[in-house]
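Written out below as C-alpha cells is the structure these notes cover.
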Amino acid sequence: MQWSFVFFINSILLGVGLAMDAFSVSLANGLKEPNMKKRRMCFMAGIYAFFQFAMPMIGWLCVHTIVEYFEKFELFVPWIALVLLLYIGGKMIWEALHESKESNEEAVEERVVLTFATLILQGLATSIDALSVGFTIADYGLLMAFIASVIIAAVTFIICMIGLLIGKRAGQHLSSKATILGGIILILIGIEIFAKGIFF
C-alpha cells in the first residue's frame, strides 16, 4: 500500500465503520448523564478513540509476530464483547430501576455518573473487534499502520461526541427512563457484535 488519497479515504471509512458501536454506547451514556459537562464528554470520547487507535495497532503487531495465536484469540472476541456489554447494560438497568424508588434526587444523580472503570470496559468492549483490522492493514508499514490508526481514532472521537450530544438532549426529555433505554442499547450492541462475530 502506497501513500495516496485512497489510503486516507479508506482509513476514514474504516474509522466510521468501527466507530458505530462506540457511537451507540456514547448515545447511551448521554442518555444516562444528560447534565454531562463538555470536559467529561471529551474525556469519554477520548477513551473510546484511544481504544480504537490501540486495537488496530495491536492487531497489526500480532499479524507480524504471533499470527497463529492471534487467529485463535479472535474466536473469543464476540464472547468477550457480549459479556462486557451485557454486564454494563444490565447494571445500568438495575440501577435505574433501583434508583426510581429513591426519593433523594442528589443521591440518584451521584450514582448515575459512569465510573472510570465502566468507561474502560465500554471502550474495550466496543473496540475489541477492531483487532481484526490488523489483518486489513497487514500490508501497511509501521508508519502507515500508525497513521491509519490515528485517523480511525480521530473519526471515532468526532462520532462519539455527536453520540453524546444526541444522547444528552434526548436524556433531558426522557428523564429517569433514559438510563433504562441506555442499558437496553448496550445490551443490543453486545448481541449485535456477538451475532456478527459468530454468524457472519
Quick check: from the Cα gyration tensor, does region 19-102 come out rounded (a/c under 1.5), prolate or oblate?
oblate
Run the simple label-point estimate for Leu61 and Leu121 please: 7 Å along Cα→C-beta, distance reported in nm.
2.5
Mean accessible surface per residue for the chain, computed with a 1.4 Å probe while every protein chain stays in place, in Å²:
53
Report in % the part of the accessible area of region 1-69 that belongs to carbon and sulfur, leaving out ligands and nucleic acids; probe 1.4 Å.
72
Among Lys38/Lys72; Lys91/Lys196; Lys72/Lys168; Lys38/Lys196; Lys37/Lys196, which pairs are too far apart, with a Cα-Cα distance over 31 Å?
Lys38/Lys72; Lys72/Lys168; Lys38/Lys196; Lys37/Lys196
Computed for the chain: size of charge dipole around the Cα centre, +1 on C-beta of each Lys and Arg, -1 on C-beta of each Asp and Glu, debye to nearest 20, value 460
For the pair Asn35 and Lys91, how long in nm is the line joining their label points, each one 7 Å along Cα→Cβ?
2.2
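The values are calculated or read from the model by the stated rules, or taken from the named source; none is laboratory data. This structure is a prediction, so every number in the text was calculated from the model and none was measured. All Cβ positions, glycine included, derive from the backbone under ideal geometry; neighbour counts span all protein chains shown. Remember, those area values only see protein heavy atoms, side chains included, never the ligands or the DNA or RNA. Shrake-Rupley method; radii C 1.70, N 1.55, O 1.52, S 1.80 Å.
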